[in-house]
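Trainee: Structure in structure tokens, see below.
No lab work stands behind these numbers, since they all come straight from the coordinates. What you see is a predicted model, and the numbers here were worked out from it, not measured in a lab. We place every Cβ from the backbone using ideal geometry, glycine too, and count neighbours over all the protein chains shown.
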């Protein structure tokens, strides 16, 4: 797994690596394509260049979102859009996030999703074809001297452009780099998850979750056709909470599959072999495991310092928008989405997506409503993700 470094050598390599990252700030380049050329997974290749009606349908299914605007052609034709459009964050099928430079080849570094800001300019429609350009924006040292690790935030921006040369959206993504000195003979010091337990839900609790699902299926809380009146919107108005879970392998696999981030056998090895320090071995097979596997395998998750396989952060981010799109109706559009992953929640957990009107204002003739959004772990005071969405009515 590489040479043993003294703490001083490790610190010097870390500082040199961060200085090297800073030299890449401002460089704009075309995003790589999955399956073509040499790239690292952190470069977030475009997984699909063309979005079809079926792909939009599968994405909505992976969110458990029954809004007919995404899937029903006859219904969608009766709206201002004149046909099916993709829900916000469906662009994860093109690429999950913006790119940042490949990981530094230094032991003891972990990379995690820190959230994103997405600005939408034109809708995604079936048949649209895309290319993208990436610009590395920043690396910021967020280390807290009281913590036993270094923390850095890297930021990249991706512009996604369609076949009509229209800017469809920009994604600004933050990746957290947690750097812990790997002391010889000692494993990575785990974060404190001593209170984290898998739980069995009562029949009464399951009924609450299932009722939320039934309401989504029936469209009970969906505004649907017509225009929501901006004047009648009040600051403090709350969205109907949306329940997700208990999160299981079907949920995880469904979301991971629609991102299109597929790699197997030789292709999987190709993405790992240049930096094996960043990957852990399966104790039964002795083989290295690819990065996304910790979202499915408790053993790999524990090697990375957490008790269970964590839920995909992007799945939580996307889920927080369901209450917004249900509320706003077919004639409105989401203009901006911003979110941050605050705390991990895990396989088996239930999370609740909530929101309320934080502001309403007019800008350049547009009537806008800003929502404060958050996702909390059911039965606790743990807030997993926070963010906001701006809706144009």
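Trainee: Need one number: % antiparallel among DSSP beta bridges in the stretch 1-191, to the nearest 5.
Mentor: So the antiparallel bridges in the stretch 1-191 amount to around 95 percent.
Trainee: Moving on. Semi-axes of the equivalent ellipsoid for the stretch 1-191, please: Cα gyration tensor eigenvalues, times 5, square-rooted, ordered largest first, whole Å. Could the numbers behind the result be given before it?
Mentor: Working: eigenvalues 309, 60, 39 Å².
Taking √(5λ) for each eigenvalue gives 39, 17, 14 Å, largest first.
Trainee: Would you mind checking the tilt of helix 203-218 against the longest principal axis of the Cα atoms of the chain, expressed as 0 to 90 degrees and rounded to 10?
Mentor: Roughly 60 degrees, rounded to the nearest 10.
Trainee: Pick from 50, 306, 140: which is most flexible by mean-square fluctuation in a GNM of the chain where alpha carbon atoms under 10 Å apart are linked?
Mentor: In this elastic network of the chain, the residue with the biggest mean-square fluctuation among 50, 306, 140 is 140.
Trainee: OK, next. Compute the FRET efficiency between residue 363 and residue 153 as 1/(1 + (r/R0)^6), taking r as their Cβ-Cβ distance and R0 = 30 Å, and round to the nearest 0.05. Walk me through the intermediate numbers first.
Mentor: On the way: r = 29 Å, r/R0 = 0.96.
With a Förster radius of 30 Å, E is 0.55.
Trainee: Then there's this: Could the peptides 248-261, 81-94 be put in order, highest first, of the mean number of other beta-carbon atoms found within 10 Å of their residues?
Mentor: Highest-to-lowest ranking by the protection proxy: 81-94, 248-261.
Trainee: Along each principal axis of its Cα atoms, how long is the stretch 215-350 end to end? Whole angstroms, biggest number first, please.
Mentor: Principal extents (Cα only, largest first): 61, 27, 27 Å.
Trainee: Let me ask you something else. Over all Cα pairs of the stretch 153-288, how is the pair count split among 10 Å bins, expressed in % and running from 0 up to the last occupied bin?
Mentor: Histogramming the stretch 153-288 at 10 Å steps yields 7, 15, 28, 28, 16, 5, 0 percent.
Trainee: How many Å³ per residue does the convex hull of the Cα positions in the chain occupy?
Mentor: On the way: hull volume 61.9 nm³, N = 393.
Normalising the Cα hull of the chain by residue number yields 157 Å³.
Trainee: Once the Cα atoms of helix 249-259 and of the chain are each reduced to a long axis, what angle between those two axes, in degrees from 0 to 90 to the nearest 10, is obtained?
Mentor: The angle comes out near 80 degrees.
Trainee: Under the rule a/c < 1.5 gives rounded, and otherwise a/b versus b/c splits prolate from oblate, where does the stretch 207-252 land using the Cα gyration tensor? Intermediate results must be reported in sequence, preceding the final value.
Mentor: Details: a/c = 2.75, a/b = 2.13, b/c = 1.29.
Prolate shape, in that a/c is at least 1.5 and a/b is the bigger ratio.
Trainee: Top mean-square fluctuation among 380, 220, 143, Gaussian network model of the chain, C-alpha springs under 10 Å?
Mentor: Maximum fluctuation in the GNM of the chain, among the listed residues, is at 380.
Trainee: Among 364-371, 7-14, 174-181, how do they line up from the highest to the lowest mean number of other beta-carbon atoms within 10 Å?
Mentor: 174-181, 364-371, 7-14
Trainee: For the stretch 1-191, what relative contact order do you get, as a whole percent, if you take Cα pairs closer than 8 Å and at least 6 residues apart? List each step's numbers first, then the result.
Mentor: Details: 353 pairs, mean separation 44.8, N = 191.
For the stretch 1-191, the relative contact order is 23 percent.
Trainee: Can you pull the Rg over Rh of the stretch 6-102, Cα-only, Kirkwood?
Mentor: 1.21
Trainee: Oh, and also: Using just the helices of the chain, give the 222 nm mean residue ellipticity in deg cm²/dmol: DSSP H runs with n ≥ 4 each add -39,500 (n - 2.57), and the total is spread over all residues, rounded to 500.
Mentor: -6500 deg cm²/dmol, from helical runs alone.
Trainee: Go from 0 up to the bin containing the longest alpha carbon distance in the stretch 334-393, width 5 Å each, and give me the % of pairs per bin.
Mentor: Cα pair-distance distribution for the stretch 334-393, in percent: 4, 19, 24, 18, 13, 10, 7, 4, 1, 0.
Trainee: Mind checking the angle between helix 7-22 and the chain's longest principal axis? C-alpha axes, 0 to 90 degrees, to the nearest 10.
Mentor: So the inclination is approximately 40 degrees.
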